[in-house]
Each structure stands twice: as C-alpha cells, then as structure tokens.
C-alpha cells in the first residue's frame, strides 16, 4: 500500500483520483490494484499506440472519464484474444473487481509457450555451402554471396551458392 499518489493522469487509476481531497492529502492508501490499472494503461498504449483516455485533451474531462464507470473504454479488436482479456481486466474501474497481480501472473497471456524448435539445417548442405564460399577468391564475391544467401533464405528458396555469386542484377529472389 502506498501512503500517497503521484503520477501521470493518463496512467492514474480511478481510486487515486477519487482518493485525493481538495487539500491534496490522500484519504486512504492505494493498493497494488492501482499498479495493475497503470500496467493496463501501458499495455493499452503498447497495443493501440495511445493510452485509453489520451484522446481527451481537457484535463477535467479526462479526470471525469477516468472515474466515470459509464464512460466506456474503447477496446478495438485485436488478434491476441488473451491480451484483449488482460487489457479489459486491468482497466476495470472498481479496484475490488480488477484482476489482482496473482491472477494476472496466472493469466494464459502471461504463460510462456514453448517456442517451436527451429529446423536444423542438414549438415551436408552446410558443408557444401561453406566449401563453395571458401572457394570464392575476392572479398567482394564473398560479400555478394553472403548478401544473396541471406536474400535466398528470406525468400524460402533452397540455398545455392553458385546462384549467390551472381551480381544483384542477375538475381530473381528479391
């Protein structure tokens, strides 16, 4: 629990705004749920390129929108449904109904999924490519072959060093 609150309005939880009296002193302490709200604002900004209330330029109107439960926060559809759920659960105005840090850590969006194993290149292909590269005589030929190999890899074509030594005007995998 924090004894006082400071922060940027775009990231400040409703309870922090409501909790400040006219003399600027807090009426009660703000819980970690306020940090969850702020995290939701950060994730919202990372997802949509703006904070939930950024479009409201008048500070008084922004304060009212943040604390007003009837003011709907816009959540445009995104492909990551678990991320959308995290955003919606972090940006619940009532801190008692907002997701807790423990619940957030257990959320499917925050569970690491194993990365697919990268396809291992065939040892014979690597040996052939390295031998062909080693046979190149000039630094320019080696640089051109390396650049063309990278383009070939990115295009999904099978690696062929003999094709890679061609000049860039002769290549077709751009």
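Here, each number is a calculation from the coordinates, and none is a lab measurement. All values derive from a computational prediction rather than experimental measurement. Cβ coordinates were reconstructed from backbone atoms using ideal geometry, including for glycine residues, and neighbour counts include every protein chain displayed.
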Gain in span if fully extended, residue 32 to residue 81, counting 0.36 nm per residue against the direct Cα distance:
15.2 nm
Separation in nanometres of the label points that stand 7 Å from Cα toward Cβ, at residue 109 and residue 60:
3.4
Contact order normalised by length for the stretch 9-110, with contacts defined as Cα pairs under 8 Å and 6 or more residues apart; what percent is it?
33
